[in-house]
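Nothing in this text is a laboratory measurement; each read-out follows from the coordinates by a stated rule. Quick caveat: nothing in here was measured; it's all calculated off a predicted structure. Because the Cβ atoms are built from the backbone with ideal geometry, glycine has one as well, and the counts that use them run over all protein chains shown.
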Number of protein chains: 2
Amino acid sequence: MASQQAATETLAPLSKYSKRVILKTVLEGGTGLVGQTIVIGGWVKSSNEVRKEPLPPPAVAVAGDAPVAAKDVTCVEILQTRIPFFRSIMKVLGGNQNPGRGKLESIVQQLPPPPSVAVLQVSDGSCVPSLQVLVDSSIAPPIQVMATGTCILVEGILQQPTVRGKHAIELKVEKIMHVGTVVQDNYPLSKKRLPLDMLRDFPHFRPRTTTVASITRIRHSLTQATHTFFLNNGFLYVDMPIITTTDGEGFSDKFQVTTLLGKDIKKEAIAMDDTGGVSLETIKASINEKSKQVEELKRTESNREALVAALQDLRKTNELAAQLEARKKSKSGTSVKSQMVKVEFSEDFFSRRTFLTSSGRLHLESYARALGNVYSFGPRFRAQKLESKKQVAEMWMIEVEIAFSQLEDAMNCADDFLKFVSKWVLENCSEDLKFLSKRVDPTIVDRLQLLTSSSFQRISYAEAVEVLKQVKDKKFEAKLELGMPLTEEHESYLVDEIYQKPVIIHNYPKELRPFYVRLNDDGKTVAAFDVVFPKAGKLIRASQNEERFNVLTTRIKELDIPKEQYEWYLDLRRHGTVMHSGFSLSFDLLVVYATGLIDVREVIPFPRSHGKATN
Amino acid sequence: MASQQAATETLAPLSKYSKRVILKTVLEGGTGLVGQTIVIGGWVKSSNEVRKEPLPPPAVAVAGDAPVAAKDVTCVEILQTRIPFFRSIMKVLGGNQNPGRGKLESIVQQLPPPPSVAVLQVSDGSCVPSLQVLVDSSIAPPIQVMATGTCILVEGILQQPTVRGKHAIELKVEKIMHVGTVVQDNYPLSKKRLPLDMLRDFPHFRPRTTTVASITRIRHSLTQATHTFFLNNGFLYVDMPIITTTDGEGFSDKFQVTTLLGKDIKKEAIAMDDTGGVSLETIKASINEKSKQVEELKRTESNREALVAALQDLRKTNELAAQLEARKKSKSGTSVKSQMVKVEFSEDFFSRRTFLTSSGRLHLESYARALGNVYSFGPRFRAQKLESKKQVAEMWMIEVEIAFSQLEDAMNCADDFLKFVSKWVLENCSEDLKFLSKRVDPTIVDRLQLLTSSSFQRISYAEAVEVLKQVKDKKFEAKLELGMPLTEEHESYLVDEIYQKPVIIHNYPKELRPFYVRLNDDGKTVAAFDVVFPKAGKLIRASQNEERFNVLTTRIKELDIPKEQYEWYLDLRRHGTVMHSGFSLSFDLLVVYATGLIDVREVIPFPRSHGKATN
């Protein structure tokens, strides 16, 4: 008895800082909260209107049209259904005269609206279901509160449903404290179920859809899980610099950061070197060929080093051609417009060229080499216009670096991490997963559950090539031989068709990985692995980085990398070096995996597409 | 009895992923762990050498020099102390002959080192204290392991201290698994207590100092506390875009993001308008005057809107002057070099000008207006070359937006947040706080404790001006009248001298705040507040943002802001608007406050100073 009494006396908790009760607590509280007077706020997802009493005299035509209107109609639709309703009244009042259109409207305006109840489905973003909210027409005209997207803040009493609805409880409004109306003509969400990709034109309204709200809650939950996992395992969080001059992966795909362009660029005509008699035509032919080579390398995607070299080569040739052309024009006196510009970076904000970071792992090593286990979590950038659904210019990455560890340790850490966060999402986001299963992909819960229990398939790069070469029933776009990069197509065949679970591919040929990855004893492969996921693709890139000073300098020399830029990085090997490994995990692709979406742009707040910046 | 036995049997837990025992657990476990064989890894902070047995025959000169060497000497010092030691041996062996320098050295090299024990203080970054580690010379030559900065991974047995030390337990090494040596000549940390600002030239070694390690651990702890606070209070985490085209605070201090500069800039000579006979000299005089005005505005710092307007004006005038000059030169045929360049942003990566965000709050509103309570935590950018110790180009900010709330609610949230994180740090970082109290600022613990218990002083802007005008014993650099911005000097006088605790200053004149801050009923002030902290300065900028469509458009018109850029922001008022408030908190300044450092560059990983980019 006592405990029952206590339960019914439990008050719905107020949200601090906004003096309203969060709908999640109301909907979870259920009938236990009946009788309480509370304040709630939210946005109308859908609505309908219920007439309170039959109108005298009830014409047959009217009965079918207006009362207990179809569920989930918009305000416009309600008005439309009302026109014949008023027409019927006119018939009754004025006999069979057919009033002109203008006349009818003026009469409609003058008529007091019939008493009714607006039944609103209201969401405040705290959970998937909406609360049913009843607003009597004596409190507010239905037209004011019923449009989809309307914001309301109301006080009311919780009661058992009087109007048919999905939930165990509803709110009868007693006082309206705020209404934020909607201009219906141009509110994009008035239409039901706008496809997600169309919504990209309205990024500021995306969170108001149940799908994006669910994605946001899962994303939030994955963030919490990430910090919790690393806290539990003794990792320290360190944020890495975004503006940087060093980078582990070359500068080919970099965004430059500058304050020069706002001002007037001080320029100089580039000194025009003698090209030794090579004709412009010869150079242009060479450019053509080199461009093709670059395109091929871009398509295969993985061989970054070769791509960087090819791009540098192409750029130099392009410069040469442009110089020749400019000189030609200059000589013929046609124009100065296409002359070359040399930018004075010494006048830039940092007095030199600076870029947006594409990876924080090299910097993170400084911290691992003093504090042991560290991780970072922040935005990383790549100025690649690839036609991939798995890559946009700005993505959040989790980066991990573990001192006193080898490749196997990083594998175990990645494995544990993914198990932990999958379990976390299954436990904390069941409602959102249920909704997305219904709406987007029915397999997401199964996939997450599989992740929590089974270990990943581990194969070497050589084994992966062997397995793929055995494939007879499928023709891959790109040829594959030992030493060649695996394409997205190869990888997805491995995980989706052959193993049907996440696959760790390890020990790549050194040519396919950056200079800092640790050389294996065979002198040919390096200690690196990727984790490829079904649907989400390459989620993790990992490596044990080279701790041996001499081996590292040899690699830098082999690849003709400007050593002076990496002196600080070499310093870490000169003084107190240690074995260490780590990985970069694409957080956005993790959200893709957990939500069942296919395109990474759908899971990012303010989608940043390839060619178009966000607001 | 049973529990005692259980305690002694508790094994020191292995760190997953690096197969070693974290030193924190060893040092906290204390004598309970004696007798266990464990693996530990870390870096030598200091060392000394202890001779194992008295050498026959013990000359008086030797006894004072070598054994139980002074604590905390570097390896160089040990070698130096050894020269007389060997000289003594020579005396004994070879009588009184004084060997030449070269001869002595060759003999020293040939002599087997006398048996000794290297006593190392080793840290792995998990806590402030070091573990005392004993390496017998039979296991490794002392010179190999004793240099400050050497990395070791060793297996050994935990025992009660045989050599005088600070701690209850020490490790006797039985097997060396890895040594990462140090090139002593150029290892900057070989010198003890290098000042922090000198360390800025070696950002990659900073984490190896106890001070920076402590800062990092406190920073980590504040991050965890931040996510925990918002989780506990029902806030959703959303990361905001870094590359953006919109911004709430004008583009004057923005970094531009581009891929144009790597390529050849396509340019056009700007069309040269007729200036209607105004002479170049007149324009140059005007530029002079306008520059002075801008400098003045920059100095006072707070009046951002006026500064933006003045900068725009100055830029236009500068452009005009440059055009005139270019035309002059062009006419006289001297040079095309100083001609103006117009950059074609349509050819940039996003096909338009894009910037690094200086605040995510406007974007965050989209999420608050759908999901209620939201927060963001990420890097924000400002290309200001101010000589302030409280501002660098790249800083991490916590941004909060609360739907259905007013200014008072944001104040309460900020107050609770600061109380919560202060308490968290006091509870979780006591050792680091103790160390920093000793080394940096003895008042930090008191200040944090004050924060957890007392409420902030709340005064209006008008009251603040009134109070400061009453001050007689201090002459401020900048004049202060109602309507003028408070400078850093004014603010620090209020918190450090007058109130001696954090102060909330609210209700600023509308001219001193951006267009989107909500206009108060008086039509003159706006609903904004700042929180100013002792030492750390302005930690929080907060506001209730304008939810009324008409008021907002009027403000945009008044300030002549390009409305088309903010159509998406106005959309949020057109459709389902709601009262809401929020704040931006400078996370880096919070770390300044908690660590007692004065310069924000000291608390940032890879310090990003005004004029110099990091690695």
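Between A:Glu295 and A:Asn232, what's the calculated FRET efficiency when r is the beta-carbon distance and R0 is 41 Å? Round to 0.05.
My answer for the efficiency is 0.35.
Can you give the extra length, in nm with one decimal, that the chain gains between A:Asp496 and A:Ser388 once fully stretched, where that is 0.36 nm per residue apart less the Cα-Cα distance? Mind showing how you got there, number by number?
Values: separation 108, 0.36 × 108 = 38.88 nm, distance 1.76 nm.
Stretched fully, the A:Asp496-A:Ser388 segment lengthens by 37.1 nm.
My understanding is that a pair violates if its Cα-Cα distance is over 20 Å; which of B:Lys24/B:Lys172; A:Lys419/B:Lys16; A:Lys390/A:Lys479; A:Lys166/A:Lys434 do that in this structure?
On the way: B:Lys24/B:Lys172 17 Å; A:Lys419/B:Lys16 15 Å; A:Lys390/A:Lys479 22 Å; A:Lys166/A:Lys434 16 Å.
Violating the 20 Å Cα-Cα cut-off are A:Lys390/A:Lys479.
Which shape class, rounded, prolate or oblate, goes with segment B:529-575 when its Cα gyration tensor gives a ≥ b ≥ c as root eigenvalues, a/c under 1.5 marks rounded, and past that a/b bigger than b/c marks prolate?
Details: a/c = 3.08, a/b = 2.43, b/c = 1.27.
Prolate, because a/c is 1.5 or more and a/b exceeds b/c.
How many nm separate the modelled label positions at A:Ser460 and A:Glu344, each set 7 Å beyond the Cα in the direction of the Cβ?
5.7 nm
Mind giving me the nanometre distance, one decimal, between the label points for B:Glu155 and B:Ile598, set 7 Å out from Cα along Cα→Cβ?
That separation, rounded to one decimal, is 5.2 nm.
Please report the spacing between the Cα centers of segment B:443-470 and segment B:561-598 in Å, no decimals.
Taking the Cα centre of each part, segment B:443-470 and segment B:561-598 sit 23 Å apart.
Using the 7 Å Cα-to-Cβ label point, sort the distances from A:Tyr499 to its equivalents in the other copies shortest first and give them in nm to one decimal.
Distances between equivalent label points, in nm: 5.9.
Could you work out the percent of alpha carbon pairs in segment B:425-518 separated by over 15 Å, rounded to a whole number?
Working: 2974 of 4371 pairs.
Counting pairs separated by more than 15 Å, the tail of P(r) holds 68 percent.
Averaged over all directions, how much area does the convex hull of the C-alpha atoms of segment A:362-496 cover when projected, in nm²? Please report the intermediate quantities before stating the final value.
Values: hull surface 45.7 nm².
Averaged projected area of segment A:362-496's Cα convex hull equals 11.4 nm².
Using 1/(1 + (r/R0)^6) with R0 = 35 angstrom and r between the beta carbons of A:Asp521 and B:Glu174, what's the FRET efficiency to the nearest 0.05? Write down the numbers at each step before the final one.
Values: r = 27 Å, r/R0 = 0.77.
Step by step, r from the Cβ atoms, then E = 0.80.
Given A:Lys19/A:Lys45; A:Lys557/B:Lys45; B:Lys175/B:Lys438; B:Lys472/B:Lys557, which pairs have Cα atoms separated by over 31 Å? Please report the intermediate quantities before stating the final value.
Values: A:Lys19/A:Lys45 22 Å; A:Lys557/B:Lys45 33 Å; B:Lys175/B:Lys438 36 Å; B:Lys472/B:Lys557 41 Å.
Table pairs above 31 Å Cα-Cα are A:Lys557/B:Lys45; B:Lys175/B:Lys438; B:Lys472/B:Lys557.
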